[in-house]
Each structure stands twice: as C-alpha cells, then as structure tokens.
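The values are calculated or read from the model by the stated rules, or taken from the named source; none is laboratory data. Treat the numbers as computed from the prediction; the structure is a model and nothing was measured. Positions of Cβ are backbone-derived with ideal geometry, glycine not excepted, and every protein chain shown enters the neighbour counts. To get the accessible areas, we keep the full protein, side chains included, count just its heavy atoms, and leave off ligands, DNA and RNA. Shrake-Rupley method; radii C 1.70, N 1.55, O 1.52, S 1.80 Å.
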Amino acid sequence: MKVDVLLGLQWGDEGKGKVVDVLTPRYDVVARFQGGPNAGHTLEFEGEKYVLRSIPSGIFQGNKVNIIGNGVVLAPDLFMDEAKELEKSGHELKSRLHISKKAHLIMPTHRLLDAAYEAAKGKNKVGTTGKGIGPTYTDKISRNGLRVGDILDNFEEKYAAHKARHEEILRSLNYTDYDITEVERHWMEGIEYMRQFPLVDSEHEVNNLLREGKSVLCEGAQGTMLDVDFGSYPFVTSSNTICAGACTGLGLGPNKIGDVFGIIKAYCTRVGAGPFPTELFDETGAKIRAIGHEYGAVTGRERRCGWIDLVALKYAIMVNGVTKLIMMKSDVLDDFQTIKACVAYKQNGQVIDYFPYDINEGIEPVYVEMPGWNTDLTSCTSEAQFPQAFKDYIAFLEEQLETPIAIISVGPDREQTIER
Ligand code: GDP
Ligand code: IMO
Ligand code: MG
C-alpha cells in the first residue's frame, strides 16, 4: 500500500482539519508529519467545534490509530491540555494516539527564544505564533535537540543542560525578564502525562502497516507558501510543509507516496508578516474576512485576505506533485458581483507567469475577472445544484491549474462537503 498525503497549498488555514476528518473513514491510520502547536486545525460536526494543534485530525472518526511522526515538534504541556480536553469530551486517546520517540520536544525556553528572536528582528518580525517552533527546529538541525525518546532515560539531567544553554543565549540577547517556574511545572506534568501514551518507532510502525495492507493518510500542517525552502522566505515556518516532508517526517520512501491532495481556499489568506501579492486592503478584503471568519485559530489574529493566486498555486502544485485539488470555503464568495483570479505577476514592468525567486518587493498581480454566482452554496448537496457561474469558476481553475478538483467544501460542517 501507499500513503496519501494531504497538505495546504497556500499560507495555511486552508481547511486541512475539516478534510482530514471527512476522509478519515477511508483510512486505517492518520499521521502528522511536521509542524507543531503552531497549527490550528478546525473541525465541525454534530453541532460541536474542535480546534486541534498537535493531535491529528483523524482522532474523531471511529477508533482509528493516529500517529504524531518524528518530523513533528511537540510541547508536552500544550499536548496535555489539548488531549485532556478531548478525553473530557469522551474521546479515548491513550491506546490509539502514538507518538514518535524521534519527535523533538519544545521546551519552555524555546518559546522564550522565539519571543527574543522576534524582538531582536525589529521591524522585520516574522510574526510567529510564539510557540517556539523556530528555535526547536534550529536545535534539531544543529544537533542540540531534546527528543521524546529522551524522557525514557536520565531526562532531568538532559533537560537541565539544554535549559542552561538556552538561558545563556537569552542572556546574550538581553532577554532576562521572565519567570518560567509555573510554566516549567506544568511542562514537567506534561512529560509525565505523555508517558501514558505509546511512544513508538513510528517509521517502523508506518512501514509495517503499509506492508500489512493498511491505508495511511498523512496530514500536513501550515501551507506550501510557508515551507522553509520554497515558501516566501524568510517569512515562513521552520519545517518542510511540502509533500517531501511526509517522507522525512514519517520515514517513508518517495515510492510510498500515492495521491497528493492539495487543499486551497476559493480565495487566499495569510496570517503573520510577509509578502502576499493578491492581498486586498479595501472593503472587499474586509468583506471576505467577515464572511469567512478569517481570524487565526491559534492566536486569534486577523487573517489578511485576498483573491486566489494561480501563479503561486501552480508553483505549489509543482513542488508537491499534487494529483488532486480540494477547494474549501467556496461559500464565502457567495455574495460577490465579481470574482478575481491572479493569472500572472507584473515585476519591474515585465509580465511573468512563473513564481519568481523573490516576491518580497514590487509584485503586481494581473487579474482575470469573472461574474460571481450570487447564490447560497451552503445547502448544496451535489454538484448538479451548483449555479452555472460557480461551475465556470471551477472549470477555469481546473484548466489553469491542470489538476482536477476532487472535493468542494461549501461550509465548515463535515456534511457540507461535495465529492465529484
Ligand atoms: P486548517 O489549519 O487548514 O485546518 O484550517 P483552519 O481550521 O485554521 O481554518 C479553516 C476555517 O474555515 C475553520 O474555521 C473551518 O471551520 C472553516 N471552514 C472549513 N471549510 C469551510 C467551508 O467550506 N466554508 C466555510 N464557510 N468555512 C469553512
Ligand atoms: P495551520 O496548520 C497559518 C505562520 C505564522 C508566521 C509563520 C511562522 O493551521 O494551517 P511559526 O510559529 O511557525 O514559527 O510562524 O508561519 N503560521 C501559520 N499560518 N496557519 C498555520 O498553521 C500556521 N503556522 C504557522 O503566522 O507567519
Ligand atoms: Mg489553521
């Protein structure tokens, strides 16, 4: 068997959590492969709403095994809070949520370092989620990390050594006004709590499952434009959010990748700093934000809103090897006279149709305009009920992106999902 990979093609928050939940009944296992509690994946069903950060979005459908892979960075305190919430609402986790021993731990001092580095950047701040993501991956790559497997042996000593090293860096950054006594106590409680979960060699587990004929869905976090290599660097996250991240983040050979589902919104959003060529600063942008409830699931920050960017999407489809697209939040555009799609960029007076090295300065979007559908899509249950103008929008996107749109979402609920 091969795995299917589901990931965001824009700047995150495309609706990955909802779609993973919808697709989970078809798989035996759901696995996260990168990112950490910077993610906020929202699911809605049976009148309830859940936001998941570190726990995969396959946790609600039946008794499926969910895996937190080696590519993920995990904060024990936040993980414990999230898991306990789910346990309170009646979801059994301890037998079926497996954690890779090779996943790296986000320490309280990593979060301080995140804040200190942001402060030091002055007006070039990335606008991180403040969860310690960058410093934890930095420690991993520089061979200074603390892993889940470390809690099994001589942990206190290892923790103290890492903390001392972080404190020295914080002093060098003049970042000394903090007291983490309480946070640290809670964090250590999280470590004890984590011990109750199966701590596994997830690369062996996933490959054995595939050999046994089991099906696996890999859930991405963030989006391709936040990928550390191919995103809008340096305004990115610190992991590979692209499909290749599923190989390194779970221990899968590239020949084990089956379908690659690329999730897009019918428009585009971004939270945090950095370039966003199709951003709308006018009342149209404000209208998309209001109708789409575009506020961050983790930080509550306003999401920046704009039209769909086909130049960036073509690039994202290329670097991920996307086989099928999934379009979310189509209903948010129900009430617009005209819809725009960016088909090229103008840079230094020249029109280009490819995603360039640098989109930080001087990019002007070239738009195609289409009539809006001015119809409520939220109660549509089949493609046949779609208004013609919406069908035209779908056909236009498929033609431009040379990839089929397999699923269309017309509302936040599990049920508001149409397969084609
Ligand atoms: P993720 O990080 O990719 O999982 O996405 P988020 O959960 O951060 O953001 C997506 C938001 O859109 C959530 O509030 C979802 O409940 C909501 N959502 C998902 N699909 C749809 C849709 O088709 N229509 C509408 N109106 N909202 C949606
Ligand atoms: P999901 O999985 C949207 C953004 C932050 C910031 C940059 C770096 O819900 O789609 P970090 O804390 O990762 O060092 O921040 O990345 N960012 C996200 N934006 N959705 C996310 O996750 C994000 N995770 C990080 O806003 O600009
Ligand atoms: Mg999100």
>> Quick check on packing: order 404-417, 16-29 by the mean number of other C-beta atoms within 10 Å, highest mean leading.
In response: 16-29, 404-417
> Taking 0.36 nm per residue of separation and subtracting the Cα-Cα distance, what length does fully extending Lys2 through Asn360 add?
Replying inline: 125.1 nm
>> Sort 76-83, 352-359, 98-105, 367-374 by packing, meaning the average of other beta carbons within 10 Å per residue, with the highest value first.
In response: 98-105, 76-83, 367-374, 352-359
> At what distance in angstrom do the alpha carbon centres of the stretch 10-52 and the stretch 280-315 lie from each other?
Replying inline: 19
>> Compute the helix-to-body angle for 155-172: its Cα long axis versus the longest principal axis of the chain, expressed 0 to 90° and rounded to tens.
In response: 70
> Relative contact order for the chain using alpha-carbon pairs under 8 Å, separation at least 6, rounded to a whole percent?
Replying inline: 20
>> Between Ala395 and Tyr233, how high is the FRET efficiency from 1/(1 + (r/R0)^6) when r is the Cβ-Cβ distance and R₀ = 51 Å? Nearest 0.05.
In response: 0.90
> Mind checking which of Arg143, Arg301, Arg96 has the largest fluctuation in a GNM of the chain, springs on alpha carbons under 10 Å?
Replying inline: Arg143
> What pairs from Lys256/Lys324; Lys102/Lys324; Lys88/Lys214; Lys131/Lys163; Lys64/Lys94 go past 20 Å between their alpha carbons?
Replying inline: Lys102/Lys324; Lys88/Lys214
>> Let me check against my output: what whole-number percent is the relative contact order of the stretch 223-327, with C-alpha pairs under 8 Å and at least 6 apart?
In response: 31
>> Modelling each spin label as a point 7 Å along the Cα-to-Cβ direction, I'd like the Met370/Lys121 distance in nm, to one decimal.
In response: 3.5
> Length gain on complete extension for the stretch Ser379 to Ile169, per 0.36 nm per residue less the alpha carbon to alpha carbon distance?
Replying inline: 70.1 nm
> Per the Debye formula with a single identical scatterer at each Cα and no solvent contribution, what log10 I(q)/I(0) holds for the stretch 112-191 at q = 0.11, 0.14, 0.25 Å⁻¹?
Replying inline: -0.32, -0.53, -1.49
> Using a simple charge model, +1 on the beta-carbon of Lys and Arg, -1 on the beta-carbon of Asp and Glu, nothing else, what dipole does the chain show about its Cα centre, in debye to the nearest 20?
Replying inline: 760
> For the charge dipole of the stretch 185-322, defined by +1 on Lys and Arg C-beta atoms and -1 on Asp and Glu C-beta atoms about the Cα centroid, which residue among Leu250, Val216, Ala312 has the Cα displaced farthest towards the positive pole?
Replying inline: Ala312
> Gap in Å between the Cα centre of the stretch 352-420 and the Cα centre of the stretch 242-279?
Replying inline: 18
> Farthest toward the dipole's positive end in the chain, which of Leu146, Trp187, Met1, given Cβ charges of +1 (Lys, Arg) and -1 (Asp, Glu) about the Cα centre?
Replying inline: Leu146
> Applying 1/(1 + (r/R0)^6) with R0 = 45 Å to the Cβ-Cβ distance of Asp153 and Asp335, what FRET efficiency is obtained, to the nearest 0.05?
Replying inline: 0.15
> Which net charge results when you count Lys and Arg as +1 and Asp and Glu as -1 among the other residues whose beta-carbon is under 10 Å from that of Ile405?
Replying inline: +1
>> Could you compute the net charge surrounding Ile288? Neighbours are other residues with a C-beta less than 15 Å from the C-beta of Ile288; K and R count +1, D and E count -1.
In response: -3
> Gain in length, Ala160 to Thr248, computed as 0.36 nm per residue apart minus the alpha-carbon separation, to one decimal in nm?
Replying inline: 28.8 nm
> Can you give the helix-only mean residue ellipticity at 222 nm for the chain, where every DSSP H stretch with n ≥ 4 adds -39500 (n - 2.57) and the sum goes over all residues, rounded to the nearest 500 deg cm²/dmol?
Replying inline: -9500 deg cm²/dmol
>> As a test of reading the structure, rank Arg270, Arg53 by solvent-accessible area (1.4 Å probe, protein chains only), most first.
In response: Arg53, Arg270
> How do the peptides 290-298, 35-43 rank, highest first, by the average count of neighbouring beta carbon atoms within 10 Å per residue?
Replying inline: 35-43, 290-298
